[in-house]
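S.K.: Quick one: the structure is below, questions incoming.
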Amino acid sequence: MKLALLDLDGTLLENENPYLELAKHLGIEDHVKSRVVKYLHDELSYSELIRWEVKALKRAYKDIYGLAPIKGDFERLLGTPIVIDGVKEVLDKLREMDYQIFVLSSGLYFIAKEVMRYGIPIGNILCNDFLYDTDGRLSTIRVSVKGDKIHAYDLLISALKVKPDETFYVADNAFETKLIDHILEKGSRVFYAKKEHKIFEMESLPKHPLFSEFTSLADIPKMLAEGPAQA
């Protein structure tokens, strides 16, 4: 079995961070961004970040609309996600190359469902989601995939019993830093999206023969066929 693990936000979808996008709609983008930076510098745990973001987003929504957010409110604010050009063709090509495709994201499930129409089964999508109480009010975010994704990655690799040299991961920003190092250490390839104006760029990129940058998703099948760079 060969395994393609893909990040979602900023990799398959245009928007890099749905939590920050919500914050932008609610006028607290800089406030939330500053907390994310603290998390990326290990000054907050992921659970602390999520708890704080939920409280901040709920409070900001109520300040604007006078009511606590209920099911559908944040979804409407975010709207329909924009899929990056060429996603369908790349996924089809990877299947032709006998790859099983999984999405591994700390983003939100209702957004991830957008890529199901490209043939990714619901069971192959690992991500987080909004949770609501019995009255439909937003309660919290269910964390199935923590920010660094390492635990979710290890569980998936173990369950599927795939070899490192038959696995690759596609990433796009600083949230992936620890996972990228972990994957490279395990002996799997990493493809990293090279684009301008990222919100959270990695401070430095690994100098490793299994690490490659790409400018278009269409580059990935070609790079896989060519094999990794020589050390």
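The values are calculated or read from the model by the stated rules, or taken from the named source; none is laboratory data. Just so it is clear, the structure is predicted and the values come from calculations on it, not from any experiment. So basically every Cβ, Gly included, is an ideal-geometry build from the backbone, and we count neighbours across all protein chains shown.
S.K.: Within the range 7-62, how many residues turn out to be out of contact with any helix residue (DSSP H, G or I) (no Cβ under 8 Å at 6 or more places or on another chain) and hydrophobic (A, V, I, L, M, F, W, C)?
M.R.: The number of residues fulfilling the criteria is 3.
S.K.: Let me ask something additional. Within the group Tyr109, Tyr99, which residue is out of contact with any helix residue (DSSP H, G or I) (no Cβ under 7 Å at 6 or more places or on another chain), free of Cβ contacts under 8 Å to residues at least 24 places away in the same chain, farther than 18 Å from Asn173 by Cβ and of a type outside the set (Val, Ile, Thr)? If you could, list the steps in order and put the result at the bottom.
M.R.: Numbers: Tyr99 fails: free of Cβ contacts under 8 Å to residues at least 24 places away in the same chain.
Checking each option against the conditions leaves just Tyr109.
S.K.: Has the range 33-55 got at least one residue that is closer than 24 Å to Glu203 by Cα, among the polar types (S, T, N, Q), touching a strand residue (DSSP E or B) at 6+ places or on another chain (Cβ under 8 Å) and modelled with pLDDT under 95?
M.R.: No, the range 33-55 contains no residue that is closer than 24 Å to Glu203 by Cα, among the polar types (S, T, N, Q), touching a strand residue (DSSP E or B) at 6+ places or on another chain (Cβ under 8 Å) and modelled with pLDDT under 95.
S.K.: For the range 192-223, what are the residues that are touching a residue at least 12 places away in the same chain (Cβ under 8 Å), charged (D, E, K, R) and assigned to a loop (DSSP other than H, G, I, E, B)?
M.R.: Lys194, Lys195, Lys198, Glu201, Glu203
S.K.: Among (1) at pLDDT 90 or above; (2) over 22 Å from His25 (Cα atoms); (3) surrounded by 17 or more Cβ atoms within 10 Å (Cβ to Cβ), there is one condition Asp133 misses while meeting the rest; what is its number?
M.R.: (3)
S.K.: Next up: Only one residue in Lys113, Lys146, Lys71 is modelled with pLDDT under 90, farther than 18 Å from Leu13 by Cα and surrounded by 13 or more Cβ atoms within 10 Å (Cβ to Cβ). Which one?
M.R.: Working: Lys113 fails: farther than 18 Å from Leu13 by Cα; Lys71 fails: modelled with pLDDT under 90.
Lys146 is the lone residue from the list that is modelled with pLDDT under 90, farther than 18 Å from Leu13 by Cα and surrounded by 13 or more Cβ atoms within 10 Å (Cβ to Cβ).
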